[in-house]
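J.: Once you've had a glance at the structure underneath, I'll fire off some questions.
Every read-out reported here was derived from the displayed coordinates using simple, explicitly stated rules and does not represent laboratory data. These figures come from a predicted structure and were not determined experimentally. Counting neighbours? That spans all protein chains shown, and the Cβs are built from the backbone with ideal geometry, glycine included.
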Amino acid sequence: MMSRVQKMTSIAILTAFSMVLYLFKVPLPFFPIFLTLDVSDVPALVGAIMMGPVAGVLIQFFKNGLEYLSHGSYVGLPINQIANFFSGALIVGLIGIFYQYQKKLNWISFVVSISVFLIAMFALNYYFILPTIMKLLGLNMEQYLSAFKSSNQLVKDFESAVLLIIVPFNLIKIIMVYAIGLPFAFKLQRILQKRSMAI
């Protein structure tokens, strides 16, 4: 069982790792260039598994807060950091809740977590994130949709842009974070448990 000081120290260290990883973004083929993948959610996922979902969400909060203070935002207001926070908090928080109460993860955990994440991010992007970015950039709907249409010819309107571009991107993101982060978190947890038993 971690003490409060150990938890605070661990959250600070994982936040630092998350910020470093956030610098390395990779664009994906067949997606608009402004949609990039990174593995900065992995340290927060480790924190959620080892210390509970609140710790994982805090790591996401500190990462995005510090990111805005150090680099700002291309649209002025921290909309991209807010979007990243909601996305990351849902990814690590949902699976962290399942693990905290079940002490294990099964296919139901993943199906529910991924489904809730995709539905929530669809709603957030459709009603808040993308419209706000469009307004701050001073673009009309047709100008904004051109970036989506150039990546997917099936995009006809704003709803199809979110459904055919944002939803698949977020699906790739959450699968990648779980595939990388969960094995690492469980392995680290076993190492620390063995070490504590040996002391």
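J.: What are the ³J(HN,Hα) couplings of the range 37-48, residue after residue, when phi is run through the Karplus curve with 6.51, -1.76, 1.60 and θ = phi - 60°? Round to Hz, x for glycine and proline.
T.: 9, 8, 10, 5, 7, 4, x, 5, 5, 4, x, 5
J.: Another one. Need one number for the range 135-199: average projected area of the convex hull over its C-alpha atoms, nm². Numbers along the way, then the final one.
T.: Working: hull surface 27.4 nm².
Over every viewing direction, the Cα hull of the range 135-199 projects on average to 6.9 nm².
J.: Using only DSSP helix segments of four residues or longer, with each worth -39500 (n - 2.57), what per-residue ellipticity at 222 nm results for the chain after dividing by its residue count and rounding to 500? Let's see the in-between values first.
T.: Values: 9 runs with 146 residues, N = 199.
Mean residue ellipticity, 222 nm, calculated: -24500 deg cm²/dmol.
J.: Same structure, new question: Does anything in the range 24-51 have its amide N under 18 Å from the 7 Å Cα→Cβ label point of S73, and if so which residues?
T.: 34-36
J.: Which order, highest average first, do 157-167, 3-13 follow once you tally other Cβ atoms within 10 Å for each residue and take the mean per peptide? Intermediate results must be reported in sequence, preceding the final value.
T.: Values: 157-167: 17.5, 3-13: 12.7.
Highest mean packing first, the order is 157-167, 3-13.
J.: Which residues does the label zone of F122 cover in the range 171-190, counting backbone N under 13 Å from a point 7 Å along Cα→Cβ?
T.: Flagged as within label range: 171.
J.: Just to be sure I understand the model, the point goes 7 Å from the Cα along the line to the Cβ. What's the resulting L163 to F186 distance in nm?
T.: Label at L163, label at F186, 3.6 nm between them.
J.: Please turn the phi angles of the range 84-93 into ³J(HN,Hα) values with the Karplus equation 6.51 cos²θ - 1.76 cosθ + 1.60 (θ = phi - 60°), one per residue in order, whole Hz, x for glycine and proline.
T.: Once θ is set to phi - 60°, the couplings for the range 84-93 become 5, 5, 4, 4, x, 5, 5, 4, 7, x Hz.
J.: Suppose R0 equals 35 Å; then what is the FRET efficiency for Q102 and T132 from their Cβ-Cβ distance, rounded to the nearest 0.05?
T.: Values: r = 36 Å, r/R0 = 1.04.
E between Q102 and T132, to the nearest 0.05, is 0.45.
J.: I would also like to ask the following. Order of 100-106, 58-64 by packing, highest average Cβ count within 10 Å first? Intermediate values should be presented prior to the final figure.
T.: Numbers: 100-106: 10.3, 58-64: 24.1.
Averaged packing, sorted descending, gives the order 58-64, 100-106.
J.: Let me ask another. Sorted from largest down, what three extents in whole angstroms do the Cα atoms of the range 106-150 have along their principal axes?
T.: On the principal axes, the range 106-150 reaches 45, 22, 10 Å in Cα extent.
J.: For the chain, what log10 I(q)/I(0) values come out of the Debye formula at q = 0.12, 0.15, 0.18 1/Å, with one point per alpha carbon and no solvent?
T.: Result of the Debye calculation: -0.63, -0.93, -1.26.
J.: Now, a different point. Which whole-number value in Å³ per residue fits the convex hull of the alpha carbons of the range 83-131?
T.: On the way: hull volume 2.6 nm³, N = 49.
Residue-normalised Cα hull volume stands at 54 Å³.
J.: Here's another thing I want to ask about it. In the calculated pair distance distribution of the range 1-86, what percentage of Cα-Cα distances lie above 16 Å? If you can, show how the numbers build up before the last one.
T.: Numbers: 1967 of 3655 pairs.
Value for the range 1-86: 54 percent of Cα pairs lie more than 16 Å apart.
J.: Starting from the Kirkwood radius over alpha-carbon pairs of the range 92-188, derive D by Stokes-Einstein at 4 °C in a medium of 1.567 mPa s and give it in µm² s⁻¹. If you can, show how the numbers build up before the last one.
T.: Values: Rh = 15.2 Å.
For these conditions, the coefficient is 85 µm²/s.
J.: Same structure, new question: Report the label-to-label distance for M176 and F24 in nanometres (one decimal), using points 7 Å from each Cα along the Cα→Cβ vector.
T.: Label-label distance for M176 and F24, simple model: 1.2 nm.
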